[in-house]
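To keep things clear, I will list the structure first and then write my remarks on it.
The values are calculated or read from the model by the stated rules, or taken from the named source; none is laboratory data. Keep in mind that this is a model prediction, so the values were computed, not measured. No Cβ is skipped: glycine too gets one built from the backbone with ideal geometry, and neighbour counts run over all protein chains shown.
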Amino acid sequence: MSGLPDDELARRVHLDTLAAQTVYAPSPETLGEGLRSRPAAPPIGLAAAYEFDSLEASETPLAGDEGYAYARYGHPAGRAFERTIAALEGAEDAVATASGMAAIHGVVLALAKQGDVIVLQEDAYGGTAALFRTDFARMGIETLMVDVRDGGQFAAALERRPRLILAETLSNPLARGIDIPGLAQACHAVDARLVVDGTFATPALSRPIDEGADVVLHSATKFLGGHHDLTAGVVCGAAELMGDVRRVSVRTGGRVAPFDAWLALRGVRTLALRMERAQANACELAQRLRAHDGVGAVHHPGWGAMLAFDCGSRERVGAVVRALRICRLTPSLGGVTTTSSHPATSSHRALTADERERLGVGDGLLRISCGIENVEDVWADFVGAFEQAALPQEPEAA
């Protein structure tokens, strides 16, 4: 096909018009019999808008129901990513968003309204807590911060008849697990929806919908993408609810960009292999850290690629971070490289010192996202850093 209506017109227009219009190569799926083929990798589709031959042809895509009209409504790379994650999670449909926070935002706006109550796991990601306690509070939505592992505390919160409950498969940063079937049963008894943030686990290790959750969401920036080169989120659940989430995301501009969706889709192709290796590394490192004299409490439930451990103080964790050469300080997680993070000054900086201390997120806590390197090299990096951190620090030059 051509960017111009026909070849005769292309020959008659001026050079500057022809250059602006562009002449496209035909799509491989539209070639004649014997010439058709399909690309082995999905197309990116960077177009921000799509052309139509008539008003009638544009109506359905512009309504956002099917097809493509404008990238904020949807695009091929985004739809391919949505369908792939929905299949991995065992969900009817999915909505790809601009970030994990945009995914949470879209779900809450689709489900809750002014005057509603939401229950949030008290040791959830600090950015999530800040969104609920600040922005949703201004909208008249009340948030109850609750330890969802405490049956009595959770039952008391359910007496408020919350609209939804948001919990994490593995909490950030202490990697504490939750009883998804038990939570789902309790939620449904009061007509509440259970929303699970599966970022730390991914569908390679846990499928919350199979266990009774209504919605599962991810920051695809992390393990799903897996390479620290994109920002995206995704929400999975029943088709009708995902339609509501999609319309919210379209209205608020929270949809994923085509290139980020394409990168996320590429990353997902190696998800199972990466998570298998990263989890094995995390289990081995947790075991060795627990046996090391210079390490305090180690947080790892026996599965998953995330762990955390106590270095004792802000000063010592700073010394360890400075000495690490492989596990570099990175305010994110889920890449192929093992990274370290200091929750008190990154993921949980929005909380007060007292709040962090109550949740077990002290100044000496170091969070580790395990990658796919050889575990012996990663362990040697930690041992060397511990030894270096134990040495007296030389004064800085004047």
Output for the stretch 131-186, where each listed residue is hydroxyl-bearing (S, T, Y) and over 22 Å from A308 (Cα atoms)
T134, T143
Among what's in the stretch 191-218 and is surrounded by fewer than 21 Cβ atoms within 10 Å (Cβ to Cβ) and of a type in the set (A, V, I, L, M), pick the residue that is nearest to R246 (Cα to Cα).
A204
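When the stretch 190-216 is examined, which residues are found to be in a strand (DSSP E or B) and out of contact with any Asp or Glu (no Cβ under 6 Å at 6 or more places or on another chain)? It would help to see each step written out before you state the result.
Our first condition is that a residue be in a strand (DSSP E or B); within the stretch 190-216, this holds for 193-197, 215-216.
Result: V195, V196, V215.
Tell me the residue from G371, G294, G384 that is among the small types (G, A, S), under 27 Å from T169 (Cα atoms) and not assigned by TED's automatic domain parsing to the domain that holds R133, please. Let's see the steps before the verdict.
Details: G294 fails: under 27 Å from T169 (Cα atoms); G384 fails: under 27 Å from T169 (Cα atoms).
Step by step, each of G371, G294, G384 is checked, and only G371 is among the small types (G, A, S), under 27 Å from T169 (Cα atoms) and not assigned by TED's automatic domain parsing to the domain that holds R133.
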Give the residue that is nearest to C311 (Cα to Cα), with candidates limited to residues of the stretch 253-294 that are of a type in the set (S, T, N, Q) and surrounded by 15 or more Cβ atoms within 10 Å (Cβ to Cβ).
N281
Just to confirm my filter: which helices (runs of 4 or more DSSP H) fall fully inside the stretch 89-161 and include at least 2 residues that are touching a residue at least 12 places away in the same chain (Cβ under 8 Å) and more than 23 Å from A344 (Cα to Cα)?
100-111, 151-158
For the stretch 49-75, enumerate the residues that are outside any loop (DSSP other than H, G, I, E, B), within 19 Å of D244 (Cα to Cα) and in contact (Cβ under 8 Å) with a residue 12 or more places away in the chain.
P61, Y70
If you go through the stretch 2-48, how many residues are part of a loop (DSSP other than H, G, I, E, B), surrounded by 10 or more Cβ atoms within 10 Å (Cβ to Cβ) and at pLDDT below 85?
8
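Check D147, D214 and return the single one that is under 23 Å from R255 (Cα atoms) and either touching a strand residue (DSSP E or B) at 6+ places or on another chain (Cβ under 8 Å) or in the same structural domain as A232 (by TED's automatic domain parsing) (or both). Don't jump to the end; show me each part of the working.
Working: D147 fails: under 23 Å from R255 (Cα atoms).
That would be D214, the only listed residue that is under 23 Å from R255 (Cα atoms) and either touching a strand residue (DSSP E or B) at 6+ places or on another chain (Cβ under 8 Å) or in the same structural domain as A232 (by TED's automatic domain parsing) (or both).
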